[in-house]
Amino acid sequence: MLERAEFGKLITALRKQFIQQFQIGLTRRELAERAGVSEHVLGRLERGELRRIDIPLLQGLARGLCLTAGEYERLVPLAVDVAGAESFRPRNE
């Protein structure tokens, strides 16, 4: 089972990969804006402190990091492994 801290390191590595691939800077703040989340949430995710990881968050990260469909499809099962399947069920209103 993947630990939250390992998943956070993966997100940080993806941000660094973006920087290398596109040869532009991408701070945590900029990625948070691109992903539609707060810098605080992204920081907690990268440090392995965020307990709830859900599809909207992953979709935002995928957009912000310009992930391919294949990269996104590989990321989702890792997130499910870290957060548990219950994080990915629809919320009751």
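The values are calculated or read from the model by the stated rules, or taken from the named source; none is laboratory data. A quick note: this is a predicted structure, and the numbers were derived from the prediction, not measured. Cβ atoms come from the backbone with ideal geometry, glycine included; neighbour counts cover every protein chain shown. The area values use the complete protein model at the heavy-atom level, side chains included, leaving out ligands, DNA and RNA. Shrake-Rupley method; radii C 1.70, N 1.55, O 1.52, S 1.80 Å.
Before moving on, here are some points about what is shown:
- For the range 46-70, the set of residues classified as in contact (Cβ under 8 Å) with a residue 24 or more places away in the chain and closer than 25 Å to Gln21 by Cα consists of Glu46, Arg47, Gly48, Ile55, Gly60, Leu61, Arg63, Gly64, Leu65, Cys66, Leu67, listed by residue number.
- Residues being touching a Leu at 6+ places or on another chain (Cβ under 7 Å) and either of a type in the set (Lys, Arg) or not in a helix (DSSP H, G or I) (or both) - total across the range 12-52: 4
- Conditions (1) modelled with pLDDT under 90; (2) within 12 Å of the chain's Cα centre (by Cα); (3) not basic (Lys, Arg): number failed by Glu86: (2)
- Residues located in the range 59-78, provided they are open to solvent by less than 10 Å² (accessible area, probe 1.4 Å) and under 15 Å from Ala13 (Cα atoms): Leu61, Gly64, Leu65, Leu75
- Tally, over the range 1-16, of residues that are free of Cβ contacts under 8 Å to residues at least 40 places away in the same chain and within 13 Å of Leu65 (Cα to Cα): 3
- Applying a threshold of 9 Å to beta carbon distances and a minimum spacing of six or more residues, or different chains, the list of pairs starting in the range 33-45 at a residue that is within 19 Å of Val82 (Cβ to Cβ) and open to solvent by less than 70 Å² (accessible area, probe 1.4 Å) and ending at one that is among the β-branched types (Val, Ile, Thr) and part of a loop (DSSP other than H, G, I, E, B) reads Leu45/Val37; Leu45/Ile53.
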